[in-house]
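Beneath this line is the structure, given in structure tokens, with notes to follow.
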């Protein structure tokens, strides 16, 4: 009987939680799991690498492939990493990172079929958050943290809309 009561109480708590607005933790979990899966799928040993350059060779784009599948795209400006995109095996997901010329990441986010999804973070050169929030189909939704240059502080902006985890695309493990 005690086990039944515990199971019943747990079931009620789960059902009540399903009716609650999506939490920041749920978005962070989706981002972390999707990021790990993309990186895992893009980590196959490449069997070919393609390079392309601009006219004066100051910009180089390097693309790594395995079995004709694009794994990773990296771009360099004057031999400094400018951005890298990790691609899922099905080609639908990308983990995008952009870097400052001083080295640290200035943007990290996930794209699905070319549109931003989930937690997206832009950082200032001092590694402080410039903007952070959730995107759905490339649009900002819900509450975002944004740097206010006039006050020198992070402020909160509400873009409205809802970003339910159930509406997010799922990258299957491979």
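Read-outs throughout are calculated quantities, based only on the coordinates presented, and are distinct from any laboratory measurement. Every value quoted in this text rests on a predicted model; they were computed, and no experiment measured them. Every residue, glycine as well, gets a Cβ built from its backbone with ideal geometry; the counts of neighbours run over all protein chains shown.
Could you tell me whether the stretch 105-174 comes out rounded, prolate or oblate from its Cα gyration tensor? Rule is a ≥ b ≥ c as square roots of the eigenvalues, rounded for a/c under 1.5, then prolate if a/b exceeds b/c, otherwise oblate.
Oblate shape, in that a/c is at least 1.5 and b/c is the bigger or equal ratio.
How many angstrom separate the Cα center of the stretch 55-80 from the Cα center of the stretch 102-174?
One Cα centre to the other: 25 Å.
Report, in degrees rounded to the nearest 10, the 0 to 90 angle that the Cα long axis of helix 2-18 makes with the longest principal axis of the chain.
Tilt of helix 2-18: around 50 degrees.
Give me 123, 71 sorted ascending by neighbouring Cβ count inside 10 Å, so fewest comes first.
Least to most surrounded, the residues fall as 123, 71.
Taking square-rooted eigenvalues a ≥ b ≥ c of the alpha carbon gyration tensor, is the stretch 100-144 rounded, prolate or oblate, where a/c under 1.5 means rounded and, failing that, a/b exceeding b/c means prolate?
oblate
Any idea what Rg and Dmax come out to for the chain if you just take the C-alpha atoms, in Å?
20.0, 77
Quick one: angle between helix 24-42 and the longest Cα principal axis of the chain, in degrees between 0 and 90, rounded to 10, please.
Compared with the principal axis, the helix lies near 40 degrees.
Sort 130, 115, 45 so the one with the fewest other Cβ atoms within 10 Å of its own Cβ comes first.
Placing the least packed residue first, the sequence is 45, 115, 130.
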